[in-house]
Amino acid sequence: MAVLTCYLCEQPVVTPVPGDDHIFCCHGCRELWRILGDEEIAELKSRPGLNWQNLRNSLSPESPKLSMTADPRTVTLDIDGMWCASCSILVEHVLTQLPGVVAAQIDFATSTAQVAVDAATTTPAELTQTITDLGYGAKEHNVEDIDGTDRDLSLLRRFGVSAVLAIFVMMFSVPVWSGYLPHLPGGLKDVLAYGLWALATPVVFWGGWPFLRGAWSSLRHGVPTMDLLIAIGALSAYGYSAYTAVFGGRYLYFDTSTMLISFLLLSRNLEVGTRNRAAGVVRMLSQLSVKEATIWEDGRERKIPAEQLMIGQNVVIRPGERIPVDGIIVAGDSSLDESFLTGESLPADKGAGDMVYAGTINHSGRIVAEVRRVAADTILAQTARFVRAAQGAQGQWRRLADRVLRIFVPFVLVVGVITFVSWFVWGESMSHSYPTTLSTALLRTIAVFVIACPCALSVATPLAVLAGAQRLGRYGMLLRSDDALERSARIDTVLLDKTGTLTLGQMAVAEMCPRSIDLIQLAASVELASEHPIAQALVRWSEAQQIPLLTVENFQSLPGFGVQGVVNNHRVSVIALRSNDAIPDSLKNDADRLIGSDRTVAQIVIDNVTQGIIAFSDQIRPEAKQAIAALRDHGFAVWMITGDNHGTAQMVAEHLGIDHWESQKSPVDKASIVEHLQQAGHHVAFVGDGVNDAPALVQADLGIAMGTGSDIAVEAGHLTLTRPNVINLADTLTTGRHVAEIIKQNLWWALLYNLVALPAAAFGLAYPFVAALAMLLSSAFVLGNSLRILGFSPTRYVKGVAMVVSTIGALAVLAYLGL
């Protein structure tokens, strides 16, 4: 079969992008070709190992041009009635043809569509109407109505009614199976035939309506989907049986069409249930959002919609209410339920200066919090967005499955036609047990269409990713990148920052030389604007001594070194003290003594002269040693990288059993170490919490930011650890490996199943209802295998399934023997 490929990257083309007599797979390839030209492209193609996908993405391809009056926006739609990935392909294909639509991405796992559209050209109502015209239900996404209960109940009702009617059809079809139909009296024969017809009609046309609707849309738009195969199979058996009932014949196949629809509906219900269970984390996060907030303004309280809150406003939260936004408590204290965020069941005590997060519950006291992140930017909102993005992320396995799906249905149609022609023309030479007729050829073709359902292939990746995201949530790990799970599966080396990551980050002033109130006042004043644990420790120490702080001007943070600013007309710096720094002789002995200790040492520089030395101490996290041991037990190489002095770094590394460690490293140095390890062939994860960790978090293959750290670190990471400990790092990384393993198993199973099942059906080894059962079991394997990530044990259901299968087998044998 000829496959249209891109002129530049030579990948299969899904939506052709024409340009200068060539066809490209996307606008990026087209613009890259225009920029570089044929000669440069030929030279690039000659290089071994060139990654066209990365090269194309790095050039920020030009989007379709919008007019000056354009109103670009992203519309999220809920879609009802998508039963397999080929449905999503059809919807995506049709949406991208609409004027004003820049791009569309359909997430089959949650039945949603993200559409980038020029609202001045195409409205959301037109988008939903277009999808409705395809035969699907569609509406704009509403976080208050995301569980899909109504559509799930509708599908369950269709299955329940169809299954009951199908059982009656099977019971009354015993004379047909045993060959007694032609020998029955004429009146009884007609009653039986027309009775079976009456029972089968609602099953095929009401129970099977979702499939018929999808098949009609598939034909109208020229995009073959799985619904088309199912509709052809069910209607062929039904139509042939109706013809036989009217004009006479030996066999009726109403039982085939009804059992086929019933098994497929059962498969869809199992699939929907699994998707709903795996997507529970998305629903839970969306339902935690608060619609209305109470603000304190001009000495009084006033209620406003939560989305109208602005940074700097004060929000009042009473006992029992949810926190509407991320902020810092400025008044009051209380205990908060942060279980959804941290996984801890015990309430967390919070007071002035503590951070609170949207979606958490205020238990006891009234608090006032200053808004630090608006509703759309809270950790809660960001997590929900990234989890949804992860479901639709085009990882390497998802891209493989999508490429196979786009050619699979047309391939099965071709195989079905070949099967029908072969059995109809040469059937008698292929089977010597009985003469081949039109009915036999038809049954073989129906079996091919049914047994080749790609449902297992379509859900192999998204269900595993959803389950992985939910499992990470149990560890207090939130997704901040749509490919975080895929990244974590490849990690073999873990680098950790020290302060705030392996230690509690609750620094305390241990010693100061000389101890001067004026010196403390200047140093603490310049540190007041910093978020670093050392700065906070110095400020707390000065407040404990009731030393008033002064205003700082021209404040500047020096990541990895310290801070500086102007206080009371003096240029004040509090920076790390190195062993080779020039300091006054009066402080040299104290400096050598403190640098040689296990403490963090800083110097206070006033107007370019070192005036004092201050030492800080920190506590190692109680669970850090166990976490490092777990990482090593799972085969990860562990490094510690810190900007702290050599003595402190050595003490912490030896206590935790870390063999590889580096001290006195700047932010750029940390990123360089990560890059060096990557060049040596390692896949590196970096765990950090401060501004000085941001370059390394970005450079690493996987960045894990402590949720209690700086906003810059959180933004730079691919994952955010919400719990204030590192005990689950190993479990997080092994979850990524587990998800990748499950995806591989699912895809291999789906591919091997079709390689075996298609020939079996084509050569007459599987009747249509057996094919439907095989397809059901294939999908059930993928669903159950994906749920193993969440701790599901398939063995609990083996006995029940075995009993059902044995009962069906016994009834089939009895029917075959005419008993």
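The values are calculated or read from the model by the stated rules, or taken from the named source; none is laboratory data. All figures in this text were calculated on a predicted structure; none of them were measured in a lab. For neighbour counting, all protein chains shown are included, and Cβ atoms are generated from backbone atoms with ideal geometry for every residue, glycine included. Side chains are part of the model used for accessible areas, which takes the heavy atoms of the whole protein and leaves out ligands, DNA and RNA. Shrake-Rupley method; radii C 1.70, N 1.55, O 1.52, S 1.80 Å.
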### Query
Using the per-residue mean of other Cβ atoms lying within 10 Å as a proxy for protection, in what order, highest first, do the peptides 733-742, 191-200 fall?
733-742, 191-200
### Query
GLU553: net charge of surrounding residues, Cβ under 15 Å, Lys/Arg +1, Asp/Glu -1, itself excluded?
-1
### Message
Run the simple label-point estimate for THR121 and GLU543 please: 7 Å along Cα→C-beta, distance reported in nm.
### Response
5.5 nm
### Summary
In nanometres, the difference between 0.36 nm per residue of separation and the alpha-carbon distance of TRP296 and LEU755 is 158.6 nm
### Query
Hey, what do the phi angles of region 528-535 turn into as Karplus ³J(HN,Hα) couplings, whole Hz, using 6.51/-1.76/1.60 and θ = phi - 60°, x for Gly and Pro?
4, 8, 9, 9, 5, x, 5, 4
### Message
Around ILE304, under 12 Å between beta carbons, what's the net of Lys plus Arg minus Asp minus Glu among the other residues?
### Response
-1
## Note on the structure
If R0 = 22 Å, then PHE247 and LEU438, at their Cβ-Cβ distance, give a FRET efficiency to the nearest 0.05 of 0.95
### Message
Quick check for you: which residues of region 287-319 have the amide N under 20 Å from the point 7 Å beyond the Cα of SER335 toward its beta carbon?
### Response
317-319
### Cβ crowding within 10 Å averaged over residues, with 506-512, 546-552 ranked highest first
506-512, 546-552
### Task
Grab the beta carbon distance between TRP426 and ALA680, set R0 = 45 Å, and tell me the FRET efficiency rounded to 0.05.
0.15
### Task
First select every other residue whose beta carbon is under 13 angstrom from the beta carbon of LEU577; then total the charges, Lys and Arg +1, Asp and Glu -1.
-1
### Task
For region 517-570 and region 472-503, compute the distance between their C-alpha centroids and round to whole Å.
32 Å
### Query
Where does each of 671-682, 637-648 land if you order them by average Cβ count within 10 Å, highest first?
637-648, 671-682
### Summary
Which of LYS498/LYS625; LYS498/LYS670; LYS350/LYS498 exceed 19 Å between C-alpha atoms? The answer is LYS350/LYS498
#### Entry: Length released on extending from SER579 to LYS625, taking residue separation times 0.36 nm less the Cα-Cα span
13.7 nm
### Task
Report the calculated FRET efficiency for GLU140 and GLN506 (r = Cβ-Cβ distance, R0 = 41 Å), to the nearest 0.05.
0.30
### Task
With a 1.4 Å probe and all protein chains in place, put ASP190, ASP689, ASP298 in order of accessible area, largest first.
ASP298, ASP190, ASP689
### Query
Distance in nm between label sites at ILE418 and ALA376, each 7 Å beyond Cα in the beta-carbon direction?
5.3 nm
#### Entry: Simple spin-label estimate for LEU188 and ASP492 in nanometres, 7 Å along Cα-Cβ
7.5 nm
### Task
Subtracting the Cα-Cα distance from 0.36 nm times the residue separation, let me have the gained length for ILE311 to SER154 in nm, one decimal.
52.1 nm
